[in-house]
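The values are calculated or read from the model by the stated rules, or taken from the named source; none is laboratory data. Because the structure is a prediction, the values reported are computed rather than measured. Here Cβ is always computed from backbone atoms with ideal geometry, including for glycine, and neighbour counts include all displayed protein chains. For accessibility, only protein heavy atoms count, side chains too; no ligands or nucleic acids. Shrake-Rupley method; radii C 1.70, N 1.55, O 1.52, S 1.80 Å.
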Amino acid sequence: MMRNYVVKCVYALVMLMLLYDDAASIHGEVKCLHKERHALLSFKHGILDDMGMLSTWKDHDDDCCKWQGVACSNQTGHVFHLNLRASDSQYLIGQPNISMLIDLQELEHLDLSGNKFPCVYISEHIGLFSKLRYLNLSAADFVGRIPYQLGNSSQLQYLDLSSNHYLYGAIPPQLGKLTHLRYLDLTYNSLDGQIPSQLKHLGQLQYLGLQAYGGLSGAIPFESGDFPLLHTLKLGGDFVLKTKDAEWVSNLSFLKTLDLTSLSLGNSHQWLQMIRKQIPNLSELRLSDCSLSDNDVQFLFDIHSSNSSTSSLTILDFSSNMLTSSTFQLLSNFSSNLRELYLSENNIVLSHPHYPKFPSLVILDLSYDNLTSSVFQGNFNFGSNLKELYLINCSLMDTSFPMSSTSMVNSSSSLLVLDLYSNLLTSSNIFHWIFNFTGNLHSLDLVDNLLEGRVPNNFDKAMNSLEDLDISGNKLQGDIPDFFGNICTLQALDLSNNNLSGDLSRFIQNSSWCNRHVFQDLYLSYNRITGMIPTSIGLLSELESLDLSGNSLRGEITETHLTSFSKLNYLDLSHNSLSLKFVPGWIPPFQLFDLELASCKLGPNFPNWLHNQNHLYGLDISDAGIHGSVPEWFWYKLPLQFYLNLSNNNFVGAIPNLPLRLPRAALMDF
């Protein structure tokens, strides 16, 4: 007996040693496996990481379990969690190959959402991750078809492929095998065809998003009793609506969010009746572009109905319908908890005495409606909680914002975003109105108005919380106001397409640039700016986008001008009188997505510093005085490019057969 006990102990010890054979351990701490560390480093090689998101991923660091975004099992050292989700301050760029991660066989969680991976296909090897439970590839510029092999990831509970605009084709029926799915989002892609009936097998779903730019069509294959746990339904397309479809949605007893964007519901009494039944339970209802009339909305919110309580409704979207001011007035009767209201692109005409009150409203969008010149002269109560106001293309004029009005003095201190894009504003009075009636704006959009004259001198003092300012597409005159550089919170400034003049050096050098540590985007294109680009522009070292095209700038650009721009991804110096002269062998500190240098002098030789640019999808070096042949290495960068213009140079030689693999043909002009 004792001998058998010893044998069992030795056997257990041997098995334990085998289990940890590939995991290095120091002081009892399990480190990552060598082959999994190698897999992560191989995956990194296809990525540009200018923002330091993978700064902890180092070749000489043996323990990948301590790398940012990586989590390992404390017992085995296997990587089971990889979270590389982008943020506002950090995102990845390039061509990652998911196949490189195939050695992470214990991987349960993979999140690559929000990054910039143009022209990257979702690998068919994604189906080999047998233990994957969470997969989020949303808003990352993936292209092509959804691989049917994804249906082999049988443990998936969460799948988000939304907002990849060039993801096209049919929804694979094999997704119906993912019976553990609780979350499926395929919205805002270019998918087309019918919804596969196999999806009805996903009985654990709580979130279902099936809306696509490509146009889903045909019959809705679901029936009453399908998806009994669903709390969010986003459904849109050119579907053949039937009574049974309305019955299916009507019986979703846990539904909290209902989005039926682009479904034609105006003539469907059954669907309207179903929605009215669901309204008391909903917190969010989106019926944009559904061909709704005032009568339809009145039916939905019939105050005589016992089911008309809307106390839980906080988000309501009726944009792009056929509604009038009577609906706007009607909705104010159900507004006690309404926080977001979207009524853009209707037939709403607001003038005195239509002043509905929305005491809890945080976001209001009345864009593309007709707001008369008297709308702000009465007691138009936006509400003391309003943070975002969108009045795009509302035919607003200077008289719409009288300085004598007192209606918003106490109600707009909370306003953070004001969008007045494409109205009929002409004078600087709008600036004074904004100064007086908004005290804490973060974003101001006055694009494509008719503004003339100068920006008031006290702008920087009145708008000292501004983060994003866009006044492009107007007729502003005078020197570029250097006081913009004194707004310490400013992150983006767009003054393009105006009549601004003056010397660029003076603008750069006369500003304090107290915002230089947060300033990311500067657009001054198509004005009348003169002079040379000073080397002191390098002070703006956080710039990601710089556009000085279409001015009268002259002189030379050297590596000294650009050496501080490690985060730059968009550069446009086109249509000036500039020469780019870099020392031989210069390697730019940045990786660009888009480079526009039309009419800049780059020649006589082909600019070899482009060899370092691995992520371009737009390049214009036309009329650049370049002679000779195009280097062979250049052509093999084309698979990443959507747009290429090499015209009006003196190139010789033939264009080789290009290994293009774009979702759509690149535009090439020679």
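What shape does the stretch 508-599 have by the C-alpha gyration tensor, where a ≥ b ≥ c are the square roots of the eigenvalues, rounded means a/c under 1.5, and otherwise prolate means a/b greater than b/c and oblate the rest? Rounded, since a/c falls under 1.5. Amide H contacts for Asp192 (H built 1.01 Å from N in the peptide plane; partners 5 or more residues away or on another chain; cut-off under 5 Å): Gly169, Ala170, Ile171.
Scanning the chain for long hydrophobic helices, with DSSP H runs required to stretch 24 angstrom or more by C-alpha along their axis and to average at least -0.5 on the Kyte-Doolittle scale, returns 2-19.
Of the listed residues Cys290, Cys514, the order by accessible area with a 1.4 Å probe, largest first, is Cys514, Cys290. Please find the FRET efficiency linking Ile102 to Asp302, where r is the Cβ-Cβ separation and R0 is fixed at 56 Å, and quote it to the nearest 0.05. In this case the efficiency is close to 0.45.
Listed highest first by mean packing, meaning other Cβ atoms within 10 Å per residue, what order do 360-367, 601-608 come in? Before the final figure, lay out the partial values.
Numbers: 360-367: 20.0, 601-608: 16.4.
Output ranking for 360-367, 601-608: 360-367, 601-608.
Normalised Debye scattering of the stretch 103-232 at q = 0.10, 0.13, 0.15 Å⁻¹ gives log10 I(q)/I(0) of -0.28, -0.49, -0.66, counting only Cα atoms as equal scatterers and leaving out solvent.
The calculated 222 nm mean residue ellipticity attributable to helices in the chain amounts to -3500 deg cm²/dmol, summing -39500 (n - 2.57) over DSSP H runs of n ≥ 4 and dividing by all residues.
Over all other residues within a Cβ to Cβ distance under 12 Å of Asn498, the charged ones net out to -2, with Lys and Arg as +1 and Asp and Glu as -1. Checking (i) 88, 51, 46; (ii) 100, 78, 52; (iii) 138, 56, 51 against Cα extents along the principal axes in Å calculated from these atoms, the matching label is (ii). Taking a ≥ b ≥ c as the square roots of the eigenvalues of the Cα gyration tensor, the stretch 436-576 is classed as oblate, since a/c reaches at least 1.5 and a/b does not exceed b/c.
By DSSP, the beta bridges lying fully in the chain are antiparallel in about 5 percent of cases. Classification of the stretch 22-126 by its C-alpha gyration tensor yields a prolate form. The axis ratio a/c (a ≥ b ≥ c) is 1.5 or more, and a/b outweighs b/c.
In the context of the full set of protein chains, the stretch 245-304 has a per residue accessible area of 40 Å² (1.4 Å probe). I'd like the distance separating the alpha-carbon centroids of the stretch 46-70 and the stretch 446-492, in whole Å. Result: 40 Å between the Cα centres. For the stretch 198-354, the equivalent ellipsoid derived from the Cα gyration tensor has semi-axes of 27, 17, 13 Å, listed largest first. Annotation: the antiparallel percentage among DSSP beta bridges lying fully within the stretch 383-500 is about 0. Using a cutoff of 8 angstrom between alpha carbon atoms and counting only pairs six or more residues apart, the relative contact order for the stretch 191-299 works out to 22 percent.
Rounded to whole numbers, the Karplus 3J(HN,Hα) couplings from phi for the stretch 456-468 are x, 5, 8, 4, 5, 7, 6, 10, 7, 10, 5, 10, 9 Hz, using 6.51 cos²θ - 1.76 cosθ + 1.60 with θ = phi - 60°, and x at Gly and Pro.
Close amide-amide hydrogen proximity is noted between Ile557 and Ser579, Leu580, Lys581, each under 5 Å apart and 5 or more residues distant or on a separate chain (H modeled in the peptide plane; Pro and chain starts excluded). Cα centroid separation, the stretch 419-436 to the stretch 211-266: 42 Å.
Do the alpha carbons of any pairs in Lys277/Lys387; Lys44/Lys66; Lys475/Lys567; Lys357/Lys461 sit beyond 20 Å of each other, and which pairs? Spell out each step's value before the answer.
Values: Lys277/Lys387 31 Å; Lys44/Lys66 16 Å; Lys475/Lys567 31 Å; Lys357/Lys461 32 Å.
Over 20 Å apart, Cα to Cα: Lys277/Lys387; Lys475/Lys567; Lys357/Lys461.
The aspartates and glutamates whose alpha-carbon is closer than 14 Å to the alpha-carbon of Lys200, local same-chain residues fewer than 8 away aside, are Glu223, Asp226, Asp245.
Centroid-to-centroid, using Cα positions, the stretch 523-566 and the stretch 153-200 are 45 Å apart.
For the chain, the share of accessible area belonging to carbon and sulfur comes to 49 percent (1.4 Å probe, ligands and nucleic acids excluded).
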